[in-house]
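Report on one structure; see the data block that follows.
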Amino acid sequence: MRPRLSRRSFLAFTAAAPLTRAQPRANRIPIGLELYSVRDTMAKDLTGTVTAVAKMGYEVVEFFSPYYQWTADQAKDVRKLMDDLGIRCNSTHNDYGNLNAGLPKAIELNHILGTKYIVMASSPRVTGVDGWKTIAATLTAASEKAKAAGLRVGYHNHETEFQPVETTFPMAVLAANTPKDVMLQFDVGTCVEVGHDPVAWIESNPGRINSMHLKEWGAGAGRGFQVLFGDGDAPWLKIFAAGEKTGGVEYYLIEQEGMGGKFSELETAQRCLANYKKLRGYA
């Protein structure tokens, strides 16, 4: 079944507010939304949710694992929707299997969507450096196949990848054992959560931090990931400077896992974007 062209959720959310969508500038890194941030809303109305996100001013979206169940026709419908709205999907999030036996389908769908990166966002539980080297080998093999199809692969970290393993940590193992064209998509909040220095990580991997998840984290009871972008502990201005000078950032993606019912998913996404624009001095 194709996504329905319904604007129900969009109209309900935006009825009381003017709708504006900022046009990207040549010298401005595009700002997007990881659609996991609006996962419950999107499960009910994909078209309305993507429309609402675009009308807020987001320029990019990233679809997560359920996209892989689409047919080619469904993907074409979503691509037409994005084209009509003037937004792009630069990358998708994928399970481990999508970069193994499932890679041909991932390549097909990502070609239709117009993406550049097929990102591994979850991997099997492994132990020790050798276990993480097996993940690196999978990424390397997938990279060669994707490259032949005009695409690139990437890996998205969580907190586990910055936890100590033997004398190192998993992200360092993955970086050292994959080719330079494998993107290291940086989830900032999970790095900050475990006490790793996000700026140092970016600067140690020049040209490989092609996109970042601007996930916020704040210390203290009742905070954690339940804080809006800009209201937590991440040193964002330093992170942006490092990402744009050294990391090779091509686009940013706000991700927010939920506000515990304080705001709806769409309102949370809108508030995070407003905070981002304020922090960066954008109108």
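Bear in mind these aren't lab numbers, they're just calculated from the coordinates by the rules spelled out. Values in this document were obtained by computation on a predicted structure and should not be read as measured data. Virtual Cβ from ideal backbone geometry, glycine too; neighbours counted across all protein chains shown.
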Note, region 59-76: 3J(HN,Hα) by Karplus (6.51, -1.76, 1.60, θ = phi - 60°), whole Hz, Gly/Pro = x, goes 9, 9, 10, 10, 7, 10, 3, x, 4, 5, 7, 5, 7, 4, 5, 4, 4, 5
For Asp187, what residues show an amide H to amide H distance below 5 Å, using hydrogens built from the backbone and excluding near sequence neighbours? Asn157, His213
How about region 144-187: which GluC sites (Glu not before Pro) there are in a DSSP loop, with at most 16 other Cβ atoms within 10 Å of their Cβ? Glu166
For the peptides 262-273, 129-140, what is the packing order when you average, over each peptide's residues, the other Cβ atoms within 10 Å and list the highest mean first? 262-273, 129-140
Would you report the distance distribution of C-alpha pairs in region 195-275 as whole percents per 10 angstrom bin, up to the bin with the largest distance? 19, 46, 28, 7
Placed amide H near Asp233: partners under 5 Å, 5+ positions off or other chain: Trp217, Gly218, Ala219
Between the modelled labels at Lys44 and Lys147 (7 Å from Cα along Cα→Cβ) the distance in nm is 4.6 nm
For region 156-244, give the magnitude of the charge dipole about the Cα centre (Cβ charges: +1 Lys/Arg, -1 Asp/Glu; no others), in debye to the nearest 20. 120 debye
May I ask which residue of Thr167, Ala54, Ser37 lies farthest towards the positive end of the charge dipole of the chain, with charges of +1 (Lys, Arg) and -1 (Asp, Glu) on Cβ and the Cα centre as origin? Ala54
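Before rounding to the nearest 500, sum -39500 (n - 2.57) across all DSSP H runs of length at least 4 in the chain and divide by the residue total; then give [θ] at 222 nm in deg cm²/dmol.
Details: 11 runs with 112 residues, N = 283.
For the chain, the value works out to -11500 deg cm²/dmol.
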Which of the lysines could be linked to Lys80 by a straight reach, that is with a Cα gap under 26 Å, when you skip same-chain ones fewer than 8 residues away? Lys44, Lys55, Lys105, Lys116, Lys147
Given an 8 Å cut-off on Cα distances and at least 6 residues of separation, report the relative contact order of region 108-191 as a percent. 35 percent
Highest first, please rank the peptides 177-187, 69-79 by the mean number of other Cβ atoms sitting within 10 Å of their residues. 177-187, 69-79
Diffusion coefficient, µm² s⁻¹, Stokes-Einstein with Kirkwood Rh over alpha-carbon pairs of region 153-255 at 25 °C and 0.890 mPa s: 180 µm²/s
Could you compute how fast region 102-226 diffuses translationally, taking Rh as the Kirkwood radius over C-alpha pairs and applying Stokes-Einstein at 37 °C with viscosity 0.692 mPa s? Give it in µm² per second. 215 µm²/s
Taking a quarter of the surface of the Cα convex hull of region 240-283, what do you get in nm²? 3.9 nm²
Quick one: length gained pulling Thr127 to Asp233 fully straight, 0.36 nm per residue minus the C-alpha distance? 35.2 nm
The convex hull of the Cα atoms of region 135-202, divided by residue count, gives a volume in Å³ per residue of 82 Å³
Using only the Cα atoms of the chain, what do you get for the radius of gyration and for Dmax, in Å? 18.2, 55
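Taking 0.36 nm per residue of sequence separation and subtracting the Cα-Cα distance, how much length would be gained by fully extending the chain between Ala221 and Ala274, in nm to one decimal? Provide the component values of the computation, followed by the final result.
Values: separation 53, 0.36 × 53 = 19.08 nm, distance 2.49 nm.
That pair, Ala221 and Ala274, stretches by 16.6 nm at full extension.
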Take region 74-174, compute every pairwise Cα distance, and split them into 10 Å bins from 0; I just need the percent in each bin. 15, 43, 27, 12, 3, 0
Rank His156, Ala234, Gly86 by how far each Cα sits towards the positive end of the charge dipole of the chain (+1 on Lys, Arg Cβ; -1 on Asp, Glu Cβ) and give me just the farthest. Gly86
Can you run the Rg to Rh ratio on region 99-150? Use alpha carbon positions and the Kirkwood inverse-distance Rh. 1.02
